[in-house]
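The values are calculated or read from the model by the stated rules, or taken from the named source; none is laboratory data. Small disclaimer: the values here were computed from a predicted structure and weren't measured. Reconstructed Cβ throughout: ideal geometry from the backbone, glycine too, with neighbour counts over all protein chains shown.
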Amino acid sequence: MLVTMLKSKIHEARVTDASVRYEGSMTIDEELMEKVGLLPYEKILVSNMSNGSRFETYTIKGKRGGRQIELNGATAHLGKPGDPLTIMSFAQVEIGQVSTHKPKVIILDEKNEVRKQSL
């Protein structure tokens, strides 16, 4: 049996830009994606801690070290620059491996620098 478990989490990521005139997705600094094991075009669940919005989209690699967290397309209506987000991805894990499964988690500061990590 497979169980859906948290794989990756970027907590308190601050929105740096929002552009409706884009085909969709979320741009995330490539370095932050690598820290938590997010892949380009991977499906993510995002929650906005300012307004309670939750939505699914996919990742696009942003400039390494640029610390961008950008809402693109329709999701640009669900947040504004400065809003804190939680960005999550999930994986299917065999039930026998659940007890040893550890998600990769980073918590960011207001400038999207890593404040704390559990990798």
| Selection within the range 19-46 - surrounded by fewer than 17 Cβ atoms within 10 Å (Cβ to Cβ), assigned to a strand (DSSP E or B) and either at pLDDT 95 or above or in contact with a Cys (Cβ under 6 Å, 6 or more places away or on another chain) (or both) | 43, 45
| request: Return the total of residues in the range 47-79 being at pLDDT below 95 and among the β-branched types (Val, Ile, Thr). | output: 1
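Being surrounded by 12 or more Cβ atoms within 10 Å (Cβ to Cβ) and β-branched (Val, Ile, Thr) is the requirement here; does residue 69 meet it?
On the way: surrounded by 12 or more Cβ atoms within 10 Å (Cβ to Cβ): yes; β-branched (Val, Ile, Thr): yes.
The answer is yes for residue 69.
Take the range 97-106 and flag every residue that is in contact with a Leu (Cβ under 6 Å, 6 or more places away or on another chain) and in a loop (DSSP other than H, G, I, E, B).
As a first pass, look at the range 97-106 and keep what is in contact with a Leu (Cβ under 6 Å, 6 or more places away or on another chain): 103-104.
Answer for the range 97-106, where residues must be in contact with a Leu (Cβ under 6 Å, 6 or more places away or on another chain) and in a loop (DSSP other than H, G, I, E, B): just 103.
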| request: Examine the range 88-96 for a residue that is assigned to a strand (DSSP E or B), closer than 18 Å to residue 15 by Cα, touching a residue at least 40 places away in the same chain (Cβ under 8 Å) and in contact with a Phe, Trp or Tyr (Cβ under 6 Å, 6 or more places away or on another chain), and state whether such a residue exists. | output: no
| Within the range 97-108, tally of residues that are in contact (Cβ under 8 Å) with a residue 24 or more places away in the chain and surrounded by fewer than 13 Cβ atoms within 10 Å (Cβ to Cβ) | 1
| task | Select, from 43, 35, 9, the only residue that is over 13 Å from residue 108 (Cβ atoms), basic (Lys, Arg), out of contact with any Leu (no Cβ under 6 Å at 6 or more places or on another chain) and in contact (Cβ under 8 Å) with a residue 24 or more places away in the chain. | result | 43
